[in-house]
Structures are given as C-alpha cells and as structure tokens.
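Novice: Got a structure here, written out as structure tokens. Questions coming.
The values are calculated or read from the model by the stated rules, or taken from the named source; none is laboratory data. The structure presented is a predicted model; accordingly, all values stated were derived computationally and were not measured. Reconstructed Cβ throughout: ideal geometry from the backbone, glycine too, with neighbour counts over all protein chains shown. In case anyone asks, the SASA skips ligands and DNA or RNA and just uses the protein heavy atoms, side chains included. Shrake-Rupley method; radii C 1.70, N 1.55, O 1.52, S 1.80 Å.
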2 protein chains.
Amino acid sequence: MTVEEAPRHRSGGRAGRQAARLNRAVERLPFLTRTLAPFEVLDEEGLSLIEHNADTILEEVGLEFRGDDVAIALLKDAGADVDGVRVRFPRGMCRQLIQATAPREFTQYARNAANSVQIGGNATVFAPNYGSPFVRDLDNGRRYGTIEDFRNFVKLAYMSPHLHHSGGTVCEPVDVPVNKRHLDMVYSHIRYSDKPFMGSVTHPDRARDTVEMARLTFGEEFVDRNAVVISLINANSPLVWDGTMLGALRAYAEANQATILTPFILAGAMAPVTAAAVCAQTLAESMGGMTLAQLVRPGAPVVLGSFASSMSMQSGAPTFGTPEPALVLYAMAALARRLGVPFRSGGSLCASKVADAQAAYESAATLQPTVLGGVNFVLHAAGWLEGGLACGYEKFVMDADQCGMMAVFVRGMDLSDNGQALDAIRENGPGQHFLGTAHTLANFETAFYRSEIADNNSYEQWQEDGSLDAAQRANKVWKRMLASYEAPALDPAVDEALSDFIARRKASFPDSDV
Amino acid sequence: MTVEEAPRHRSGGRAGRQAARLNRAVERLPFLTRTLAPFEVLDEEGLSLIEHNADTILEEVGLEFRGDDVAIALLKDAGADVDGVRVRFPRGMCRQLIQATAPREFTQYARNAANSVQIGGNATVFAPNYGSPFVRDLDNGRRYGTIEDFRNFVKLAYMSPHLHHSGGTVCEPVDVPVNKRHLDMVYSHIRYSDKPFMGSVTHPDRARDTVEMARLTFGEEFVDRNAVVISLINANSPLVWDGTMLGALRAYAEANQATILTPFILAGAMAPVTAAAVCAQTLAESMGGMTLAQLVRPGAPVVLGSFASSMSMQSGAPTFGTPEPALVLYAMAALARRLGVPFRSGGSLCASKVADAQAAYESAATLQPTVLGGVNFVLHAAGWLEGGLACGYEKFVMDADQCGMMAVFVRGMDLSDNGQALDAIRENGPGQHFLGTAHTLANFETAFYRSEIADNNSYEQWQEDGSLDAAQRANKVWKRMLASYEAPALDPAVDEALSDFIARRKASFPDSDV
C-alpha cells in the first residue's frame, strides 16, 4: 500500500510539497501497461466503412446540441452547418479538429504522485463502479446507497492494489441532498483516498465546484496546466447532447480538465439493433462532443467513450456479457486508436442481481474484451450489479481480484533465460517432478497470480472451512479491508480549505432533490 | 434439434444408409467457424525461440517411451537415438515427420452426418467434461458418478445446441467395473446421442474394443478411411509416455482413428513454473507422441494437446482461470498452427467446488482464451468443477450457455447494409428511440444472443420469481431438458450388433477394478 509521508508543515509551501509528492519514486505500478497487440474484429476496410458512416451521420443527419447557445456559436464559427439546435458537420471536420489539438494520451495526476495514471496508448486504468442508486451486501441485502457506503467504496478502491482510480459516483449517497452531494463526494475522494478521481457532471455549477476543490488541493496553476479531474459526459442518444452535459463539458474543458464523451447505447432503443450501426453512431456522437471540447479549449484532454449493451427480448432491459457488445467494444477501441484519442469502455458489467455465477460470467465476458481490446479507461471495473442499479460490496472485491489477474496477463510471457528454464529441464530429466528444484524454489513465490477470493483447497478442507461460496468469502475480505483501513495523510491546510469551501457553498443555497 | 430419420430396414444395406446419413443436408451448425484472426501473445521471434527450445529438449534430454517395445523399435528405425526407454530426436526430426503426413485438419464423422465435426483450421468444437469421478447437483450434492449420471450427461450434450460433441468419460461410472465400463460408455455415446464421441484409453484392449464398436456402427471400410473416434492420450509429464497410453495410441493410429497427444502440466510440478518452459516442454512431449502416431500409420489424424494449470501456493492444488495458463494457451495455439496440426486445449475450467462466482470467473477466464486463441477441439467445455474432480449438472448447462455466446462472437460483425443500418439512422433522427422502427422490428428476433440461464428481468420481477441465483435457475434447465429427452433413432441391427458384442466381451473376462 502506498501511503503518503506525514505532511511537513509549510516547509517549501504547498507548491513545494506538491512537487515533492509528484516526484516521489513509484513503487507499486499505478496502471496496466499492455505489451500485447489488441484483438481486432474488423480489418482496415471494415473500420474505414464505420468511419465513413459516422461522417455520413454527422454530415446528413447531424447532432442536436440542446440548451447551450455558447456551444452552438462555437460550432458555427468553426464551420458547422447550424439549424436551430441541429448541427451538421462537413465530412472530415470533426476528425480534423480533434486530431489537430486533442492529446493522444495524457497523465491524470493524483494527489499522491505515485498514483498518477496514464490515460491512452498502452495504458489501462481500472476505476470502480459509477452511478448506482442502490448498494448490496450479503448481510443487509439491497438498499439505497448512503454517504457512508460511498466512503466505504472509496476506501476499498484506495486499498485495492488492483484498482488504479477512485472513480466518481461510486454509489449515489441518497441521504445527502442532490444539489449538494457532489461536494461530499469530491471531498470523500480527496480525503479518504489519494488515487485520481472523477468530477460531478449533474450541473455546470457542480462541475465548477469540482474544479474549485481540485484547485484548493493541487494549486491553481497546476490544475490549469494538468488534468487532475476526469469526468463522464454522457450523450443523450440518439444524436443528442443536452444542456446539462454540455455545460459540464465546457466547464471542465475551460479548466483544461479531462472529459469522457460517452454515448450510452442500449442497442435497439438508442440506436439500431445492429453492431455496425451502434459503432458508427457512437463514433459520430462522441466525435461531436470531442470537437466541442477542442473548440472550448484546444488541447483539453478528451476520451472517446462507448457504452453499448444488448437488450432482453423478454423484459426490454439491458443485457450484459453477451457477444454483441463485445464486438462493439473491440471495434470502437480500434476506431479510437485510428482517431488518436484515449478510449473508455467496458468494465465488469452484468445484469445479475447478486454476486453469483451469472454476475461472474457476464463480468468476465466484458472484462476480457476490455483488456484484450485495449481499453484505456475502464469505469465500472469493480462492484457493478443489476445493469448498474446496484453496487455490491462482495462483487467489488471479487471484480478487483479479476483486475489483478489482468495486470499479470497484459505483461505477456517472460522469455528471459529464467523464463525459458532450459537448464531446469535439462537437470531434471524425464519422470522427475519439479517441486523441489532450484528453479522452482527461486520462482515459486512470484510464479502465479494469487487470488484473494478463490478457494483452491481440497474438497475436504473446503468443507471444514464451512463450504463457503465465493460471495461468502468475499464478504469476509471487504470487511477485513475496511477494518484495517487507514486514511492517507492530507495536508491539514488543504483539508481546512476544502471544508471551508464546502461549508460556504452548502450555506449559499437551499437543499434540493434535483 | 437434429433428429435422425427413422431407420429404413436394410434398404441399400448398412453402407447405403450410412452414405445417406453422411450426405444429409446440414441445418444446425455443427461446430464454430471463426472469422476472426486469433489473439497472439508471442511474435515470430518468441515462437521460434519456443520451437528451438522444444527441439533442444528432444535432442539433448529426450523423452522416455516406457513399456512399449514396438514404439521404441519404430522410433529407432525412423532415426531416433534410442538408449533403453530414453529416446532422443535429432533436431527437426519430429517436425519433419509430422508435417510430412499428419493432416492439417480432418473430419470426425458422427453417425448423424449433420453432426460431423471439422477438427482443425478455423473450426472450434465444444465437447463436454471428461474424467471426473464425482458428480454434483443442487439436490443431492456431491457423490460418485454412476452410469445413470453418465447417460444423463450424454443426453444433455446431445440436446444442447451449443455443444458439438458427446465427449468421452463425461463422468466415471463407478458403479460399473473399471475393466468393463468402457463398453457401457461407448455404447451410451452411440445409443443416447448421434454426435461424435471419444474412445477408451485406459488399456490398449479397451481402445481396440472402442474401434470394434465403431466398426459395428459405421462399417469397417468407412472406419478404416475416416476418423469416427477421437481419443485423449495423456503424457506422463515430465517427458514420459507410458505403456498404457502408448498402447492405446497405437491401437487408434493403426485403425486410422484420431488421437490428442496431451501433456497434462501442473506448472511447478510436471514442468518448471514458468510459462515459456511449459510451452517448450509441452511442444516437445506432444511432438514425440505425434511422431510415433505418424510412424504407426502415416496420415493418422493427430491433435496437439495442451493442458496447463497454475498451482496454489497454499495447497499445491492446480488453480484455474489465472493469467499464466492463458498465456500458455495462446502461445501453444500459435505453435500448433505453425506446426500445421489441429490444437486441443482450454474449456470451462475452474477450481471451485460449486457453480458459484468463482466457478464462473475461472471458467470464463479459460473459455475466452480458448476461443480467441483459436483452439480447435475443446474438451471440458461444459460441466467441469473442482479441478476436474466433479462434473456438475448446473455447471454443465451454464457452461453450454456460454459456449452458445461464443458461437455468435466468432462470426464477427455484420457489415451488410442491414448491419450498417444507415437508413434507419437517417429516418429516425436525433432524440427518437428505435424501439418501433422497421429496422428494429425486422432484426429484433435475431439481433442478440438469448441466454437460457441469465435473469434479465427487473429486480422486482426477479424477487417475485423467488430471488433465484444462476445455479438455481440452471437446476430447472437441466431437469427440463432430461424430462423432454428423446433418443435419436438407431438402426436396430446396429443396436443388436453392439449389444451382442458387449455381452460377449463382458462374459469373456472377470470383473476387475483396475
């Protein structure tokens, strides 16, 4: 566990301390670095076709940018064809503007520099569940999330060596008024973790509050030059960006902070049912949003996002872990690489209500494409249940364990002399087991990923241990983690400044549940 | 469900009927055909290095061929360096002999031609669990398998549209004497299914019994010209082939039947702990076995097999779903392609004792590499629990459901005009959902894979339905399947010949449990 050193009082000032933090030597790897080429489901011709179709959509149908005159004016000035809120883009315009200024990859800084993450290229960053109104654990079942649950998930993500990011709305803290909870959420990420975090997007003012709190933490100048917040800007598919999201997008882009432009597409509802159509529409919508971000502030970090699910014929509900969204994910990852921007998709998605075999099959069938496709920023990597309606405590630590396996996988095969172990085979000869050989003894400790959740004991030992299933074992894991949680150090001056800001803001307008 | 037509009595003779069966038009797809290039974890240099190391092992250390003078003589005549049971192969000898005569791919014929499978190339064949002494279901827990359980799994594999093969020892029928159970097992595959099946390998005589029963079913000449049985020949790693397996291998090769030459490697015990060493040793051992098969009968179908697992530090037990065996699988698949032989590995492997989240995560983390790596013959695709000690009824139908998803995935993305759906997007426009559009209605039925196991209803509906987990729903699925089972037609003359043969053989030697 990376723990920040005790704060030195005022020595060198806040900027000096920040620089010291940011330059600290990295011990734990703060994100995955893939050495393997991504899996591809479309060839050059197929990818070009999708790109052509996205441009056709942008040119012929266009996107609506609703409730944001500033956005409309910026797009018009840049050469788009504006008709009310409908904006049509000449073929190639979006791609050209994005490629001119959007960074191919960027660093999102954490307040502990050892936890700063690279977003884009060969990096993969795992962030926890986002947006669930409910939480679930084996003891208390399903219930509305609270700020205490929120803090618990922040603490679990902080403590997990397999999660790289604190996420955003890890669950909705419904015991806090809607119009003030963003302050408590952002504070929790800063106070209870020192991993990077996400900002509020439910109102442009809340985005500005997030940026202000980031400035109090990292310093104003540092924030203006570096991404310290990344935020999820969802399209209102099909082909609509609405005013709230556009306002939040502009607030973050103006502050040079990162945004993830994500069409959320339940195929058959927000787009046609077919994968190739979902891809073209996703690309068109996301490019429209990224284009606006570059017009607001050229160079502001943007991420191409894709969230696509299939649909149940029976219930009309989104389904997960099915083959169709996996195909979309692989194709979109390739399209993002061609465009030259980081890519967000995937996670440990499932429709199951509980942390059972359905949950695990579906989550694995999403996480594998996520990693093999080369997703750069992985929201919902841990905790997601019920199509996102609930965040599960047991599911959270189970998923994190799977993320840990992925970190080993993406390093690929060790082809060093030690990895080849030819001498060990030569010395051992036919019929002699390798359990006690020098090579085995030298490598055994680090040879295999060790799961915290799996039971690999004999059947008899498993019975003696109570015949527990994976969820029951996971229940013990998260409780043990929370019981041993220790907060990372936080400069008291920063803590005070944040608390003052929050108190002032909370007092300045009445509670509201919208 | 493919059901064979009612047998026509003696019209055209058995050969004529067989020909008619074999030429029947295929309706259901009898195996997966991948359209996507396999995922690769090693480049040309890495793969050449492993091949070089395999040849070094074969040349310097050699393999032991124990208890089989015929095998030793064949290898010596072919140019190997023989010292007692130790056989060393000049660099390149095995590869050259295999590539000279072993088929790149072949058809394994089923008695219902619609169920014949292609083994090799871009085909992937899913076969059920193999070799478990125990069975498990939710009602009766874990217990020794019986011939009734055996028949049940044969029936479930027959009825599943997602499994292509009847497998072999789907569970051990421990209520039948060890030295006679192969007769009941082979008969069950022929009688209760019409998918292709596997033969006995526990004694050369039992292999010959299998071939004899195949001849009674398919006709002697047909069997001599075509593979109708495929059998699992396991190495006794490290670097040993033992007499029982060699005898069975020779029996099948002499009869032109297919064999899968599979080193079973628990890394750290039967090979060094490192993946590159496991790959080189696996390749060396399997090539040694394939070489012998080609010397016994040039052109006899052989499959390169790899079964590699990691190991628990705590218990020394094999572990599954971990990243290291996945890397081995991907590399071995590439090595088999380069050698030019079909490849067997993977499945739905897990260490979990029950069909819980651990079982599902681990199985999915094995099945994804199995499919993305391009495995041709997938044993243990359904049912496997406890590192193979038990075959689970619920796990069986859950895994089969996952195999069904893979069949959709490997087809890749539909880029037809209908798949692109540009007109649907043009006509719909921004902000209008696609639920009732003509394109959605025309495609909805076939747009998404429909799981038989997953619950995709609302939380409230799920509660009303009893808050069942996936295993509880699967329990209902396999019971419903068995309740509606109808045996495929079998020519009464064949059935009688088989029964006569079995009765004669059983009467000819006393029961034994070895």
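Novice: Label the protein assembly as shown by shape, choosing from rounded, prolate and oblate, from the square roots a ≥ b ≥ c of the eigenvalues of the Cα gyration tensor; if a/c is under 1.5 it is rounded, and otherwise prolate applies when a/b is larger than b/c, oblate when it is not.
Specialist: Judged from the Cα gyration tensor, the protein assembly as shown comes out prolate (a/c at least 1.5, a/b above b/c).
Novice: What does the copy distance list look like for B:S416, label position 7 Å along Cα→Cβ, in nm and ordered from shortest?
Specialist: For B:S416, the other copies' label points sit at 5.3 nm, shortest first.
Novice: Roughly how large is the A-B contact in terms of buried accessible area, totalled over both chains, probe 1.4 Å, nearest 100 Å²? Kindly include the intermediate steps, with their values, before the conclusion.
Specialist: Values: alone 21840 and 21770 Å², together 34130 Å².
So the buried area, both faces added, is about 9500 Å².
Novice: For chain B, what is the charge dipole size about the Cα centre, in debye to the nearest 20, if Lys and Arg each add +1 at the Cβ and Asp and Glu each add -1 at the Cβ?
Specialist: Numbers: 46 positive and 60 negative charges, 237 e Å.
The calculation lands at about 1140 debye.
Novice: Between copies, how far apart are the A:P133 label points? List them in nm, one decimal, shortest first, with each point 7 Å from Cα toward Cβ, please?
Specialist: Between copies, matching label points for A:P133 lie 5.4 nm apart.
Novice: Something else: Give the residue from B:A113, B:A80, B:T124 lying farthest towards the positive end of the charge dipole for region B:72-213; charges sit on Cβ (+1 for Lys and Arg, -1 for Asp and Glu) and the dipole is referred to the Cα centre.
Specialist: The residue sitting most towards the positive pole is B:A80.
Novice: Under 13 Å from the Cβ of B:A503, count the other residues' Cβ atoms, weight Lys and Arg +1, Asp and Glu -1, and hand me the total.
Specialist: Here the charged neighbours net out to -1.
Novice: Now for a different question. With r defined as the distance between the Cβ atoms of A:E45 and B:D417 and R0 fixed at 22 Å, what FRET efficiency is calculated, to the nearest 0.05?
Specialist: That gives a FRET efficiency of 0.90.
Novice: Then there's this: Averaged across B:281-288, how many Cβ atoms of other chains sit within 10 Å of each residue's Cβ atom? It would help to have the intermediate numbers written out before the result.
Specialist: Numbers: counts 6, 0, 0, 1, 1, 0, 0, 0.
Counting other chains' Cβ atoms within 10 Å and averaging over B:281-288 gives 1.
Novice: So what is the 222 nm mean residue ellipticity for chain B from helices alone, if each DSSP H run of at least 4 adds -39500 (n - 2.57) and you divide by all residues, rounding to the nearest 500 deg cm²/dmol?
Specialist: After summing the helix terms and dividing by the residues of chain B, the value is -14000 deg cm²/dmol.
Novice: Take A:E220 and A:T101, extend 7 Å from each Cα along the Cα→Cβ direction, and tell me the distance between the two endpoints in nm.
Specialist: Distance between the two pseudo-spin positions: 2.3 nm.
Novice: Could you tell me which GluC sites (Glu not before Pro) in region B:443-496 are loop residues by DSSP with no more than 14 other beta carbons within 10 angstrom of their beta carbon?
Specialist: Sparse-neighbourhood loop GluC sites (Glu not before Pro): B:E486.
Novice: Check each residue of region B:293-332 and keep those whose accessible area, probe 1.4 Å, is at least 40 Å² smaller with all protein chains in place than in the chain alone; give them in order of residue number.
Specialist: B:M311, B:M313, B:P323, B:E324, B:L327
Novice: Every other copy gets compared here: list the nm distances from the A:A489 label point (7 Å along Cα to Cβ) to its counterparts, shortest first, one decimal.
Specialist: Spacings between copies for this position, smallest first, are 8.3 nm.
Novice: Moving on to the next point. Round to a whole angstrom and tell me the spacing of the C-alpha centers of region A:103-131 and region B:202-273.
Specialist: So the separation of the two Cα centres works out to 51 Å.
Novice: Apply the a/c threshold of 1.5 to the C-alpha gyration tensor of region B:349-452 and tell me whether it is rounded, prolate or oblate.
Specialist: Cα axes put region B:349-452 in the prolate bin.
Novice: Only Lys, Arg, Asp and Glu count, each charged at its Cβ (+1, +1, -1, -1), so figure out the dipole size of the protein assembly as shown about its Cα centre, rounded to 20 debye.
Specialist: Roughly 280 debye, rounded to the nearest 20.
Novice: Next up: Given the options B:A275, B:G145, B:G436, identify the residue whose Cα lies farthest towards the positive end of the charge dipole of the protein assembly as shown (+1 on Cβ of Lys, Arg; -1 on Cβ of Asp, Glu).
Specialist: The residue sitting most towards the positive pole is B:A275.
Novice: Considering only protein heavy atoms, what per residue accessible area in square angstrom results for the protein assembly as shown with a 1.4 angstrom probe?
Specialist: Details: 34130 Å² over 1028 residues.
Normalised by residue count, the accessible surface of the protein assembly as shown is 33 Å².
Novice: Tell me which residues come under 5 Å, amide H to amide H, from B:S309 once H is placed; ignore anything under 5 positions away on its chain.
Specialist: B:I265, B:L266, B:A267
Novice: Where in region A:455-489 does accessible area fall by at least 20 Å² between the isolated chain and the complete protein assembly, at a 1.4 Å probe radius?
Specialist: Checking the loss per residue gives A:D455, A:N456, A:N457, A:Y459, A:W462, A:D469, A:A470.
Novice: May I ask which residue of B:P325, A:W462, B:N457 lies farthest towards the positive end of the charge dipole of the protein assembly as shown, with charges of +1 (Lys, Arg) and -1 (Asp, Glu) on Cβ and the Cα centre as origin?
Specialist: With unit charges placed on the Cβ atoms, the residue in question is B:P325.
Novice: Residues of region A:463-499 with the amide nitrogen closer than 17 Å to a label point 7 Å from the Cα of A:L138, along Cα-to-Cβ, please.
Specialist: The answer is A:463-483, whose backbone nitrogens lie closer than 17 Å to the label point.
Novice: At what distance in angstrom do the alpha carbon centres of region A:38-64 and region A:162-186 lie from each other?
Specialist: About 35 Å separates the Cα centre of region A:38-64 from the one of region A:162-186.
Novice: Karplus couplings for region A:363-369 from phi (6.51 cos²θ - 1.76 cosθ + 1.60, θ = phi - 60°), rounded to Hz, Gly and Pro as x?
Specialist: 5, 5, 6, 9, 5, 4, x
Novice: So, one more: Please report the carbon-and-sulfur percent of the accessible area for the protein assembly as shown; probe 1.4 Å, protein heavy atoms only, DNA, RNA and ligands left out.
Specialist: 50 percent
Novice: Also, quick follow-up: Hey, what do the phi angles of region B:247-252 turn into as Karplus ³J(HN,Hα) couplings, whole Hz, using 6.51/-1.76/1.60 and θ = phi - 60°, x for Gly and Pro?
Specialist: 3J(HN,Hα) across region B:247-252, in whole Hz: x, 5, 4, 5, 4, 6.
Novice: What share of the DSSP beta bridges in chain B is antiparallel, in percent to the nearest 5? Walk me through the numbers before you get to the answer.
Specialist: Numbers: 18 of 44 bridges.
The antiparallel fraction comes to roughly 40 percent.
Novice: Exceeding 29 Å between C-alpha atoms, which entries from my cross-link table qualify? They are A:K195/A:K479; B:K180/B:K476; B:K195/B:K476; A:K353/B:K155; A:K155/A:K180; B:K195/B:K395.
Specialist: Check vs 29 Å cut-off fails for B:K180/B:K476; A:K353/B:K155.
Novice: Under 1.5 on a/c is rounded, so check that first for region A:138-286, then, if it is not, pick prolate when a/b is larger than b/c and oblate when it is not; a ≥ b ≥ c are the square roots of the alpha carbon gyration tensor eigenvalues.
Specialist: In terms of gyration-tensor shape, oblate.
Novice: Still on this structure, I have one more. Which of the chymotrypsin sites (Phe, Trp or Tyr not before Pro) found in region B:137-182 are loop residues per DSSP with 11 or fewer other Cβ atoms within 10 Å of their Cβ?
Specialist: In loop regions of region B:137-182 (DSSP not H, G, I, E or B), there are no sparsely surrounded chymotrypsin sites (Phe, Trp or Tyr not before Pro).
Novice: Using mean Cβ contacts within 10 Å as the protection proxy, how do A:345-354, A:399-408 order, highest first?
Specialist: A:345-354, A:399-408
Novice: Could you order B:H189, B:H439 so the one with the most accessible surface comes first? Probe is 1.4 Å.
Specialist: Ranked from most to least accessible, the order is B:H439, B:H189.
Novice: Determine ³J(HN,Hα), in whole Hz, for all residues of region A:317-323 in sequence, where each value follows from phi through the Karplus function 6.51 cos²θ - 1.76 cosθ + 1.60 and θ = phi - 60°; x replaces Gly and Pro.
Specialist: 7, x, 10, 9, x, 8, x
Novice: Report the residues of region A:391-410 in range of a label on B:M313: point 7 Å along Cα→C-beta, backbone N strictly under 17 Å from it.
Specialist: A:401-402, A:404-409
Novice: Separate question: By how many degrees, 0 to 90 and rounded to 10, does the Cα axis of helix A:470-483 deviate from the longest principal axis of chain A?
Specialist: 80 degrees
Novice: Once label points are set 7 Å from the Cα along Cα→Cβ at both A:S467 and B:D175, what is their separation, rounded to one decimal in nm?
Specialist: 2.2 nm
Novice: Moving on to the next point. With +1 assigned to the C-beta of every Lys and Arg and -1 to the C-beta of every Asp and Glu, and no other charges, what is the dipole magnitude of region B:424-514 about the Cα centre in debye, to the nearest 20?
Specialist: Working: 9 positive and 15 negative charges, 31 e Å.
Taking the Cα centre of region B:424-514 as origin, the dipole is about 140 debye.
Novice: Where does helix B:393-409 land angle-wise versus the long Cα axis of chain B, in degrees 0 to 90, nearest 10?
Specialist: That works out to roughly 80 degrees.
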